[in-house]
Amino acid sequence: MVQGSELSGQAGGAPVLIGGVVLDVQAQAAGPGDVQRGGSVPGSVRQTPGGVARNIAHSLALLTRKAPFLVSAVGDDAAGSLLLNQLTAQGLPTHGIHRCHNAVTPCVSIVFDRGGEVAAAVADVQLLERELTPALVRRHLQAIRSAPALLLDGNLQPPAIAEACAAAGVGVPVFFEPVSAAKAVRAVPSLRHITFLSPNGDELAALAAEVRRHGYRAEVAGRLAAAGPDLVAVLSAGAGHVLLTLGALGAALCRMGHNGCSAAVLAAHMPALPARVANCCGAGDCLLAGVLMRIIEGGSATDALAHGLAAARYAVESADSVPPMLSAAGGCVAVHCTLLAALTRGVRGPKQLQC
């Protein structure tokens, strides 16, 4: 697999994350009945800070005990004040968060079933769609160029993604977290500049469909149909790696490689660590934060995947999207033993997907 030294960027600055800072309103059924259409059930409702970029920034700060640089936008309402105050309390800088006059802070309402899985969600993130612009990206060029890594989430529109990738250049690895299948396709025009993507299956399918629709497919894609058409399409379009999240089955790290003179998709799979699920919201964000942390430290991509899965385990066992115990997980001997066990027993690969 590719070594972390080949992926990490500049050493001097902080990681830069551009994307959503959101107020999550989470409702979870408590039983005996589960959520149902057209009726209500007993349960709990809570407000908690969320947003993919914010969750990853918070997780990264807990794992590394260093503050990343977060760029986003909130309104000048009570929700915006709440989120900014919580970022400060968590030790995260807020000078990259732009306060917008007479604007509504992004909010997502999520309903969980009794098992902790998302049953329904409604997102009001119009402010992010409007404010995360190329002009906003250009205001932070120096931070991006000096960063060891740049993470973008799917709340950025394609022009802003392209601007951020251009700012990163060849020296700063770019991570893209799709957020949703609908937003995943925004990365397609910039795939050749993206080092890591972390889609789930639906998001990967949406990416691949958009790649095919616009004719981005490379010539080798036809020979690699059996490798998984969606992976082949996205990787052939220029993405460096696809971190395919598989829910309870773990995750697979996929990249283009070579078998003699032929191109091939190589995939390394690790299973999810055993966990007592409390809440699946935030697991993917913590997974990517763990991967990002290890890549920044110079670890291999496979080692980074193990760290990410360990961080995800903490997330699913917590009621919070970003579990507070992540601050101990970064250096805990027990966690490193878990990581070693995952590496030695769980990794599958790199394995060539035959065409």
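None of the figures in this text is laboratory data; all of them are computed from the coordinates on show. In this text, all values refer to a predicted model and were calculated from it rather than measured experimentally. Positions of Cβ are backbone-derived with ideal geometry, glycine not excepted, and every protein chain shown enters the neighbour counts.
Show me 285-293, 137-145, 265-273 ranked by packing, highest mean number of other Cβ atoms within 10 Å first. Can you show the working numbers first?
On the way: 285-293: 29.9, 137-145: 17.0, 265-273: 20.2.
In descending order of packing, they fall as 285-293, 265-273, 137-145.
Near residue 193, once Lys and Arg are set to +1 and Asp and Glu to -1 for all other residues with Cβ below 15 Å from its Cβ, the sum equals +2.
I need to check one value: relative contact order of the stretch 231-332, counting alpha carbon pairs closer than 8 Å and at least 6 residues apart, in percent. Before the final figure, lay out each step's value.
Details: 167 pairs, mean separation 22.9, N = 102.
RCO, the stretch 231-332: 22 percent.
Close amide-amide hydrogen proximity is noted between residue 23 and 50, 107, 108, each under 5 Å apart and 5 or more residues distant or on a separate chain (H modeled in the peptide plane; Pro and chain starts excluded). Which residues does the label zone of residue 34 cover in the stretch 264-283, counting backbone N under 18 Å from a point 7 Å along Cα→Cβ? So the set is 276-281. Each residue of the stretch 136-146 is assigned a 3J(HN,Hα), and the resulting list reads 5, 4, 5, 5, 10, 4, 5, 5, 5, 5, 9 Hz, derived from the Karplus form 6.51 cos²θ - 1.76 cosθ + 1.60 (θ = phi - 60°), x at Gly and Pro. If you take all other residues with their beta carbon under 12 Å from the beta carbon of residue 321, and give Lys and Arg +1 and Asp and Glu -1, the sum is -1. Taking θ as phi - 60° and the Karplus parameters 6.51, -1.76 and 1.60, the scalar couplings of the stretch 272-279 work out to 5, 6, x, 8, 9, 6, 10, 6 Hz in sequence order, x denoting glycine and proline.
If you add up the charges near residue 60, with Lys and Arg at +1 and Asp and Glu at -1, over every other residue whose beta carbon is less than 13 angstrom from its beta carbon, what do you get? Result for the neighbourhood of residue 60: +1.
Relative contact order of the stretch 1-157: what whole-number percent is it, with Cα pairs under 8 angstrom and at least 6 residues apart? Each step should come with its number before you reach the end.
Details: 323 pairs, mean separation 53.0, N = 157.
Relative contact order here is 34 percent.
Among 106, 165, 140, whose Cα projects farthest towards the positive end of the dipole of the stretch 96-183, with charges put on the beta-carbon of Lys, Arg (+1) and Asp, Glu (-1)? Ranked along the dipole, the leading option is 140. The HN-Hα couplings worked out from phi for the stretch 56-65 by the Karplus form 6.51 cos²θ - 1.76 cosθ + 1.60 (θ = phi - 60°) are 5, 4, 4, 4, 5, 5, 5, 6, 9, 6 Hz, whole numbers, x standing for Gly and Pro.
A cut-off of 5 Å between modelled amide H atoms, ignoring neighbours fewer than 5 places along the same chain, links residue 119 with 111, 112, 113.
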